[in-house]
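A.B. asks: Dropping a structure here in structure tokens format, bear with me for questions.
No value in this document is a laboratory result; all are computed from the given coordinates. It should be emphasised that the depicted structure is a prediction, and the values quoted were computed from it without experimental measurement. Counting neighbours? That spans all protein chains shown, and the Cβs are built from the backbone with ideal geometry, glycine included.
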Amino acid sequence: MNISLLVSSGLAAIYDYVLAHTVFCLIPAFFIAGAMAALVPKDLLLPYLGKNSPKRVAYPIAVITGLLLAVCSCTVLPLFAGIRKGGAGIGPAIAFLYTAPATNIVAILYTGSLIGWDLALARIIFSVLFAVIIGIIINILFLDDDGSGGAEVFAKSNVKYDTKRLLYFFSTLIAILLAGTRISDPTLKYLTVGALIVVTSVITKKFFTQDEVNNWMLESWGFAKTIAPLLLVGVFVSGIVKVVLPQEFVAKYVGSNSLSNIIIPVIFGVLVYFPTLVEVPMAKTFIDLGMAKGPLLAYLLSDPVLSLPSILVVSRIMGAKRTGVYVALIIVLTICGGYLFGLMQGK
């Protein structure tokens with residue numbers, strides 16, 4: 001294979017990606033993730049994950065907390081260990097462990113803008129459903145003897161938080177991303193995004209202190225400098241894969257919604273490690289080569305959540321038996337989710 005061809009293909013993929021998705025997709029997504037990290041009080045959510053907390057409270061909070069983070073299958077591990085040590089029950093902790101890399105806000109928005117909003121919606125619905133199912137099953141199968149509980153004490157706290165300003169603020173931020181990615185007419189797009197930026201600036205000045213704004217900027221920059229370089233590497237690799245991987249191979253082995261075609265990308269996703277969000281340009285490459293939507297969704301549901309390094313670390317945190325059940329449930333459920341989504345697509 002010609003090396004110069006591979007390099008040029010990778011660089012072309014980066015050029016196309018930056019041109020099409022950076023300004024109106026990735027930059028707003030980083031600002032949204034940074035705002036969630038800086039302005040949403042996660043310390044008010046985590047204590048509700050205790051093993052004695054009602055399931056109707058613990059599992060939604062676990063999912064919401066995971067939604068706030070943009071982390072990969074390995075980065076989430078110290079956070080998982082931390083909430084376990086802080087008293088989170090095994091079920092809600094597992095739900096958080098699955099949700100954070102599988103359905104964080106940046107991954108969902110990026111999936112929608114790059115691949116399609118039908119896949120993004122299916123990804124978030126199945127991820128949330130699987131997170132709760134896996135957490136409940138593991139909580140039933142294994143005695144939860146290493147959570148300290150104690151969340152109920154904090155739950156009686158009189159701490160209050162102004163949610164109205166967050167509602168206004170995040171509504172305009174998400175509107176900027178949607179307008180930038182969904183409006184096709186350039187003039188209307190720029191006018192709409194410009195107006196929304198002005199509205200966001202007014203809301204920010206009215207409702208947030210300078211320290212809060214500074215923290216928001218720092219968190220957004222932190223996401224950008226951590227994720228963007230890895231993402232560009234992933235886009236470069238995906239450009240090479242598009243040249244190296246024969247389209248006939250993809251059509252033959254993952255081009256339909258048969259169970260065998262869905263199992264292949266799930267096993268690939270479970271074993272291979274990619275940094276957060278890199279699975280999205282890889283998925284875009286796969287679908288361009290002819291992968292059916294059922295196998296593609298199964299890949300998106302499994303790849304961010306597990307990898308060989310993360311499996312080894314999780315086994316150290318919660319034991320080999322729990323980890324084995326966790327991995328098995330992810331494989332089975334993601335295959336089922338991909339198959340069901342493929343049937344819904346009529347393929």
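A.B. asks: Simple spin-label model, 7 Å along Cα-to-Cβ: residue 165 to residue 187 in nm?
C.D. replies: Each label point is offset 7 Å from its Cα along the Cβ direction, giving 3.9 nm.
A.B. asks: Sequence-distant or interchain residues sharing an amide H contact under 5 Å with residue 88, placed H: which?
C.D. replies: Those lying under 5 Å, H to H, from residue 88 are 148.
A.B. asks: Packing-wise, with mean Cβ within 10 Å as the measure, how do 122-132, 189-199 rank, highest first?
C.D. replies: Numbers: 122-132: 22.0, 189-199: 15.3.
Packing proxy ranking, top to bottom: 122-132, 189-199.
A.B. asks: Out of all Cα-Cα pairs in the range 268-336, roughly what percent, to the nearest whole number, are more than 15 Å apart? Each step should come with its number before you reach the end.
C.D. replies: On the way: 1254 of 2346 pairs.
Counting pairs separated by more than 15 Å, the tail of P(r) holds 53 percent.
A.B. asks: By how many nm would the segment from residue 332 to residue 218 lengthen if fully extended, with 0.36 nm per residue of separation less the alpha-carbon distance?
C.D. replies: Values: separation 114, 0.36 × 114 = 41.04 nm, distance 3.96 nm.
Contour length minus the Cα-Cα distance gives 37.1 nm.
A.B. asks: Step through the table entries 164/189; 55/164; 189/225; 225/252; 164/225, compare each Cα-Cα distance with 32 Å, and write down the pairs that go over it. The partial results should precede the final answer.
C.D. replies: Details: 164/189 27 Å; 55/164 26 Å; 189/225 27 Å; 225/252 39 Å; 164/225 30 Å.
Result: 225/252 exceed 32 Å.
A.B. asks: Take the Cα gyration tensor of the range 166-234, multiply each eigenvalue by 5, square-root it, and list the three semi-axes largest first, rounded to whole angstrom.
C.D. replies: Here the semi-axes work out to 22, 21, 9 Å.
A.B. asks: Here's a follow-up. Taking 0.36 nm per residue of separation and subtracting the Cα-Cα distance, what length does fully extending residue 64 through residue 198 add? Don't jump to the answer; show the numbers that get you there.
C.D. replies: Working: separation 134, 0.36 × 134 = 48.24 nm, distance 2.85 nm.
Answer, rounded to one decimal: 45.4 nm.
A.B. asks: Right, another one. With the cut-off at 21 Å, report for the range 189-339 the share of all Cα pairs above it, as a whole percent.
C.D. replies: Working: 6687 of 11325 pairs.
Tail of the P(r) past 21 Å holds 59 percent of the pairs.
A.B. asks: Please give the residues of the range 308-347, grouped as numeric ranges, whose backbone N is less than 14 Å from a label point set 7 Å along the Cα-to-Cβ vector of residue 117.
C.D. replies: Label zone hits: none.
A.B. asks: Please list, ordered by chain and number, the residues whose modelled amide H lies under 5 Å from the amide H of residue 292; skip anything fewer than 5 residues away on the same chain.
C.D. replies: The list, which skips near neighbours in sequence, is 255, 256.
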